[in-house]
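The values are calculated or read from the model by the stated rules, or taken from the named source; none is laboratory data. Fair warning: this is a prediction, and the values are worked out from it, not measured in the lab. Here Cβ is always computed from backbone atoms with ideal geometry, including for glycine, and neighbour counts include all displayed protein chains.
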Amino acid sequence: MCTQNNFTQLKLPSSMIQTLQTLGYSSMTPIQEKSLPYILDGKDIIAKAKTGSGKTAAFGIGVLNKLNIKKFRIQSMILCPTRELAAQVAQELRKIARFEHNIKILTLSGGVPYHPQVHSLSHQAHIIVGTPGRILKHLNEYNFDPKDITSLVLDEADRMLDMGFSEDIQKIISYLPQKRQTLLFSATYPLNIAHLSDDILTNPQVVEVESTHQKSIIKQEFYKIPDHQKLKSLEKILGNTQANSTVIFCNTKIACDTLADDLWDAGISTLVLHSDLDQKERNETIIMFANKSYPILIATDVAARGLDIKDIDLVINYDLPYDNEVYIHRIGRTARAGATGQAISLITQEEQFEDLKEYLDEDEFIQKDIDQLEERKFNIKSTYSTLFINGGKKSKVRAGDILGALTAGIGLDKDDIGKIDILDLCSFVAVKKEFEQKALDGLSNGKIKGRYFKVYLK
Ligand code: ADP
Ligand code: MG
């Protein structure tokens, strides 16, 4: 998906270009190539691009480049539709921010305790990333001074409006300095976005990227089946695709839970992600899916919005979404950043399918017959198990410490250890299944960074 163009043609500090290189960003994605020249020039923009196109780095580079780092005041506000997305944006920004020391990025999302955020705000930050409701609450209670804000980003603006954040966004903006740069990102451009843009942007430059590259790399298939055959058909599809990493979408929380139970009865264990889970459970679920401790995640749209997990091979629409844009959004969970992916949808209602077919191009998808598939059992076992460690950033535990304890301390090979996630108060490490007991015993009985921690198998 990347062109020959290089970040070096932009006016960026060489330390930032080097950091991008380290992250594997050797060339700009099309949306970055089109938007960055304007962003770096201080212009307001409306950027329309599909999911997975690298929008975060586009505004992230702009926002970071604009910071006056020595001035330890909030200079940039980034609004996202969900906590998960805010967390991911902050994570991506922190990666790029490594080009300079001491850039402080704070997340302010709902669903997590409020007072620690107030406390963190009293210690200042350069950039805040969060959901509109919570940020507005902080503004209403004067927990931070917005007067030094010079850039505002609305990420996935269409989703924010869909979720009813329009009024909150307007109120937030009424607190901000008029003289500022505003960057609006949206996968779609419905009328309400146009109205919002009129209100809050000044002479915006509109940049748009065709989604052709995305279309061609996701193989889309549809199976028309009677409603009562959904579960059997799904099992057949899973057995025939044998994907290492699958996300299955259902339209409701109940449907997710029911499907998880049904698959469990069929001998397939899955993770479930929906908004009935508390924030801690949602974080853990995403971590355990991303670190390959489970091959299947069943999710609703709300919970999966913006989810950027690498290497999702297959997206299945167990329920077809009611909205065509949501369909595009869902299948965009696979084939991130140029990888190939597959999307399979079960069709039980002809009408809904007709509508979607009209929306897609003829050559983008194929319709297949479920009876043509052989009966095969899904037999993918996850590679890793997740160990929970009750120490994280606050106890100064770092990934290197855990890696060291597992290799030098316990004698595991580096290749037997997967993803390590360090949160504030706890950490998660993926180890190859066959070594889970050894790792558990070793970490429970030995020290990490000179201390004993409670460790258990998730
Ligand atoms: P979007 O917000 O458009 O849905 P993201 O910003 O989440 O997309 O980016 C999708 C993925 O692409 C991320 O994993 C990100 O790290 C990666 N990415 C972004 N820019 C580049 C680049 N220039 N080269 C390679 N990968 C990139
Ligand atoms: Mg994004």
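Every test in (1) within 16 Å of ligand 1 (Cβ to nearest atom); (2) touching a residue at least 60 places away in the same chain (Cβ under 8 Å); (3) touching a helix residue (DSSP H, G or I) at 6+ places or on another chain (Cβ under 6 Å) is passed by L93 save one, and that test is (2). Flag: V247 matches the condition of being closer than 30 Å to L423 by Cβ and not in a helix (DSSP H, G or I).
Would you confirm, using the coordinates I've provided, whether L263 is hydrophobic (A, V, I, L, M, F, W, C) and either closer than 22 Å to Y327 by Cα or surrounded by fewer than 20 Cβ atoms within 10 Å (Cβ to Cβ) (or both)?
Numbers: hydrophobic (A, V, I, L, M, F, W, C): yes; either closer than 22 Å to Y327 by Cα or surrounded by fewer than 20 Cβ atoms within 10 Å (Cβ to Cβ) (or both): no.
No; evaluated as a whole, the condition is false for this residue.
If only one of D227, D155, D145, D162 is surrounded by fewer than 20 Cβ atoms within 10 Å (Cβ to Cβ) and within 16 Å of ligand 2 (Cβ to nearest atom), which one is it? Don't jump to the end; show me each part of the working.
Numbers: D227 fails: within 16 Å of ligand 2 (Cβ to nearest atom); D155 fails: surrounded by fewer than 20 Cβ atoms within 10 Å (Cβ to Cβ); D145 fails: within 16 Å of ligand 2 (Cβ to nearest atom).
Result of the check over D227, D155, D145, D162: D162.
Restricted to the stretch 22-140, the set of strands (runs of 3 or more DSSP E) holding at least 3 residues that are closer than 16 Å to L152 by Cα and within 14 Å of ligand 2 (Cβ to nearest atom) is empty. Looking at S382, S444, just one residue is crowded, with 16+ Cβ neighbours inside 10 Å and not β-branched (V, I, T), and that residue is S382.
In the stretch 360-387, what residues are in a loop (DSSP other than H, G, I, E, B) and within 14 Å of G239 (Cα to Cα)?
Filtering the stretch 360-387 for residues in a loop (DSSP other than H, G, I, E, B) gives 360-361, 369, 373-383.
The answer is L373, E374, E375, R376, K377, F378, N379, I380, K381.
The residue that is modelled with the lowest pLDDT, counting only those in the stretch 391-412 that are in contact with a helix residue (DSSP H, G or I) (Cβ under 7 Å, 6 or more places away or on another chain) and assigned to a loop (DSSP other than H, G, I, E, B), is I410. Looking at D168, is it within 28 Å of P30 (Cβ to Cβ) and of a type in the set (D, E)? For D168, the condition - within 28 Å of P30 (Cβ to Cβ) and of a type in the set (D, E) - is not met.
Screening I298, I328 for residues that are closer than 23 Å to K50 by Cα, in contact with a Cys (Cβ under 6 Å, 6 or more places away or on another chain) and among the hydrophobic types (A, V, I, L, M, F, W, C) leaves exactly one candidate, I298. Applying the condition of being over 17 Å from L425 (Cα atoms) and among the charged types (D, E, K, R) to the stretch 269-306 and asking which residue is surrounded by the fewest Cβ atoms within 10 Å (Cβ to Cβ) yields D276. What tally of residues in the stretch 141-171 results from selecting those that are farther than 10 Å from L79 by Cα, out of contact with any Lys or Arg (no Cβ under 8 Å at 6 or more places or on another chain) and in a helix (DSSP H, G or I)? Looking only at that region, the number is 10.
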